[in-house]
Amino acid sequence: MNDLDFVAMQNSTSVRPAALPLPMRLARPAIHTLSALAPSLAARLAERLFLTPRRHRAPARESTALATARRTIVHVGDSRVTTWTWGHGPVVLLVHGWGGRGAQLAGFVEPLVASSCSVVTFDAPGHGTSPETQSSIVAFVDAIRAIDRALGPMEGVIAHSIGAIAAARALYEGRGAQAAVFIAPPADLVLHSHTLLEILGFGRRARELMQARIERRLSVAWAALDVRSYAAAMSTPLLVVHDRDDNEVPWQDGAIIARAWPDAVFSTTGSLGHRRILRDPSVIRAVAAFVAERVRPEMAAPAHDELTLLTPS
């Protein structure tokens, strides 16, 4: 069994219908029936669910962090994206994941500002303070491009989960950076997405139709967002950090991306899961040091001994 086989197995077994929230469990039989009788209609429902991120109440610590930042509105097409900036110097962009908020990565602000960096985060369309109800990875990429033009150039990027896929695509399309850190990145969006929809009760035909609808809507094939397809062409120094107890994105996904990206460094942690990893002091110190050493080498203090670092073979 290779890593891809393992990830497929993990994604198909790590989430069971019994683990779904009660409303989703109750809706599952109806979705299954709709998929069988009217797959086109089921595909429209799946599309709406797939492009509508859930919003969660922000804890007080995030509001406290944002209160010390400079707030700016950046226009992304017809959308208005709120950004927050701390410090002065080379720009390091913080990118949240699906259903997240920019302030979730605020723990990285203090050490980067201490290294004379300017730190920028934002709420992607459909997330946090943004008024839209729907979003997509393409919307994330567009936001990164607009922020790079308005507040950049971006010299470093720290991205979480799905945000890492968007950051990688932006780097590939020419938003160069001196350093990148991907925290808990998924390696196979197609597999992960279809598995989740299958668990929700959507049949194969409905899932295929949903993918085709979204590709037409966004004018992007999902394959174009697969980091593995272009990672070999990347030159930005990359650190991938992934927790072995991540129940949402298997840590092997991070290893796969790190192996495909030239000279990437792969770091594993334990007992932090998918989100608490963003607040762990050791992770924060090591990630900030990795970025600062490359963006402001004269100001950085090495901290690589904070984590277990592996070089993918």
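Restricting attention to the stretch 87-124, the residues being open to solvent by 10 Å² or more (accessible area, probe 1.4 Å), touching an Asp or Glu at 6+ places or on another chain (Cβ under 8 Å) and more than 16 Å from THR64 (Cα to Cα) number 2. Take the conditions (1) among the charged types (D, E, K, R); (2) free of Cβ contacts under 8 Å to residues at least 40 places away in the same chain; (3) under 30 Å from SER282 (Cα atoms); ASP148 misses just one of them, which is (2).
Being in contact with a helix residue (DSSP H, G or I) (Cβ under 8 Å, 6 or more places away or on another chain), at pLDDT below 95, open to solvent by 30 Å² or more (accessible area, probe 1.4 Å) and not small (Gly, Ala, Ser) is true of GLU173. A residue that is in contact (Cβ under 8 Å) with a residue 12 or more places away in the chain and more than 20 Å from the chain's Cα centre (by Cα) occurs somewhere in the stretch 90-108. Among the residues of the stretch 35-44, the ones that are surrounded by 12 or more Cβ atoms within 10 Å (Cβ to Cβ) and free of Cβ contacts under 8 Å to residues at least 24 places away in the same chain come to 2 in all.
Taking the stretch 138-153 as the range and being buried (at least 20 other Cβ atoms within 10 Å of the Cβ) and within 17 Å of the chain's Cα centre (by Cα) as the test, the residues that pass are ALA139, PHE140, VAL141, ALA143, ILE144, ILE147. With respect to (1) modelled with pLDDT of 95 or more; (2) over 14 Å from the mean Cα position of the chain (by Cα), the lone exception for VAL241 is condition (2).
In the stretch 68-86, which residues are among the basic types (Lys, Arg) and surrounded by fewer than 14 Cβ atoms within 10 Å (Cβ to Cβ)? Before the answer, list the steps.
Within the stretch 68-86, the subset among the basic types (Lys, Arg) is 70-71, 80.
Those that are among the basic types (Lys, Arg) and surrounded by fewer than 14 Cβ atoms within 10 Å (Cβ to Cβ): ARG70, ARG71.
Quick check on the stretch 159-169. Is at least one of its residues over 13 Å from the mean Cα position of the chain (by Cα), in contact (Cβ under 8 Å) with a residue 60 or more places away in the chain and either assigned to a strand (DSSP E or B) or buried (at least 20 other Cβ atoms within 10 Å of the Cβ) (or both)? For the stretch 159-169, residues over 13 Å from the mean Cα position of the chain (by Cα), in contact (Cβ under 8 Å) with a residue 60 or more places away in the chain and either assigned to a strand (DSSP E or B) or buried (at least 20 other Cβ atoms within 10 Å of the Cβ) (or both): absent. Of the residues making up the stretch 44-52, none is under 23 Å from LEU112 (Cα atoms) and among the basic types (Lys, Arg).
The values are calculated or read from the model by the stated rules, or taken from the named source; none is laboratory data. Just so it is clear, the structure is predicted and the values come from calculations on it, not from any experiment. When we count neighbours, we look across all protein chains shown, and the Cβ atoms used for this are built from the backbone with ideal geometry, even at glycine. To get the accessible areas, we keep the full protein, side chains included, count just its heavy atoms, and leave off ligands, DNA and RNA. Shrake-Rupley method; radii C 1.70, N 1.55, O 1.52, S 1.80 Å.
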